[in-house]
Amino acid sequence: QKEVEQNSGPLSVPEGAIASLNCTYSDRGSQSFFWYRQYSGKSPELIMFIYSNGDKEDGRFTAQLNKASQYVSLLIRDSQPSDSATYLCAVKNSGGYQKVTFGTGTKLQVIP
Amino acid sequence: GAGVSQSPRYKVAKRGQDVALRCDPISGHVSLFWYQQALGQGPEFLTYFQNEAQLDKSGLPSDRFFAERPEGSVSTLKIQRTQQEDSAVYLCASSLSSGKALHTGELFFGEGSRLTVL
């Protein structure tokens with residue numbers, strides 16, 4: 001079992017719709033969770049982090065965390081073509097330092 | 001510098017050659033990570049430095065891979081006797097913090113070094 005699992009996609013949504021991206025993790029002791037966006041040929045950039053159960057909203061983005069189910073999600077409201085990218089779920093492990101493990105990423109395509 | 005700088009951006013090596021990839025992190029960042037990203041995959045952890053100390057090298061795929069950060073700033077990832085399976089983008093990331101604080105852990109990535117082994 002991979003430490004961080006994501007559906008590779010592609011996930012296609014029409015412009016203006018809600019995109020829902022999901023991630024599960026195996027280390028029950030993990031405490032911090034991140035969503036990075038990676039455009040093709042570019043390096044990842046952080047868009048959201050969450051460490052408490054529940055929802056965290058930032059503009060059009062909402063991160064959701066359920067530690068009991070070991071599940072993290074990212075919702076993108078009013079999706080725009082510029083949101084088309086690969087979204088990487090990352091988990092900060094419960095070890096003695098902040099090792100961050102990434103999933104394989106979900107490719108999102110927003111259709112105009 | 002303003003961001004994480006990596007060089008070279010592109011490297012083509014013949015199988016069996018040695019390569020060295022350089023990372024210059026954001027000034028003052030304690031933590032430095034190397035990741036390997038194959039096409040269509042997520043970044044795979046290679047190694048981690050806290051200042052000059054290499055605290056975790058569990059992700060290095062073989063003893064052909066070696067990393068160092070002798071003065072706690074610039075880091076070099078060296079790959080000896082390159083193989084075709086080493087072809088990937090090598091990402092360096094730095095972070096200001098080093099501890100267990102929940103809200104920390106944001107990684108700032110460089111543009112990567114794309115290695116192609118022929």
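As a size descriptor, the averaged projected area of the C-alpha convex hull of the range A:61-112 was calculated at 4.5 nm².
For B:VAL12, B:VAL117, give me the order by solvent-accessible area with a 1.4 Å probe, most accessible first, ignoring ligands, DNA and RNA.
Numbers: B:VAL12 95, B:VAL117 10 Å².
Highest to lowest solvent-accessible surface, that is B:VAL12, B:VAL117.
Pairs with C-alpha atoms separated by more than 29 Å, drawn from the list A:LYS56/B:LYS78; A:LYS56/A:LYS107; A:LYS99/B:LYS78; A:LYS107/B:LYS14, are A:LYS56/B:LYS78; A:LYS107/B:LYS14. Ordering B:PRO8, A:PHE33, B:GLN84 by the projection of their Cα atoms onto the charge dipole of the protein assembly as shown, which places +1 on the Cβ of Lys and Arg and -1 on the Cβ of Asp and Glu, puts B:GLN84 at the extreme positive end.
Counting only the Cα atoms, the protein assembly as shown fills a convex hull of 122 Å³ per residue. Placing unit charges on the Cβ atoms only, positive for Lys and Arg and negative for Asp and Glu, gives the range B:1-109 a dipole magnitude near 300 debye about its Cα centre.
Take the Cβ atoms of B:ASP18 and A:GLU45, set R0 to 30 Å, and the FRET efficiency comes out at 0.40. Ranked by solvent-accessible area (1.4 Å probe, protein heavy atoms only, all chains present), the residues B:GLU85, B:GLU106, B:GLU52, B:GLU71 order from largest to smallest as B:GLU71, B:GLU85, B:GLU52, B:GLU106.
Using 11 Å as the cut-off for backbone N distance, which residues of the range B:1-25 belong to the label zone defined by a point 7 Å from the Cα of B:GLU71 along Cα→Cβ? Under cut-off, by backbone N: nothing.
Given a 1.4 Å probe and no ligands, DNA or RNA in the count, how much accessible surface is buried by A and B, both sides, to the nearest 100 Å²?
By this definition, chains A and B bury close to 2100 Å².
Most mobile of B:GLY28, B:GLY40, B:GLY59 per a Gaussian network model of chain B (Cα springs, under 10 Å)? Largest GNM mean-square fluctuation: B:GLY40.
Nearest-5 percent of antiparallel DSSP beta bridges in the protein assembly as shown? Working shown, then result.
Numbers: 70 of 78 bridges.
That works out to approximately 90 percent antiparallel.
Mean projection of the Cα convex hull over all viewing directions, computed for chain B: 7.1 nm². The per residue volume of the convex hull around the alpha-carbon atoms of the range A:31-103 is 92 Å³.
A:TYR97 sits with roughly 30 Å² accessible to a 1.4 Å probe, with DNA, RNA and ligands left out of the calculation.
Of all accessible surface on chain B at a 1.4 Å probe, what whole percent is carbon and sulfur? Before the final figure, lay out each step's value.
Numbers: 2790 of 5800 Å².
C and S atoms contribute 48 percent here.
The values are calculated or read from the model by the stated rules, or taken from the named source; none is laboratory data. The shown structure was predicted, so the numbers you read here are calculated from the model rather than taken from an experiment. Heads up, the Cβs are rebuilt from the backbone with ideal geometry, glycines too, and the neighbour counts pull from every protein chain shown. These accessible areas exclude ligands, DNA and RNA; they are computed on the full protein's heavy atoms, side chains included. Shrake-Rupley method; radii C 1.70, N 1.55, O 1.52, S 1.80 Å.
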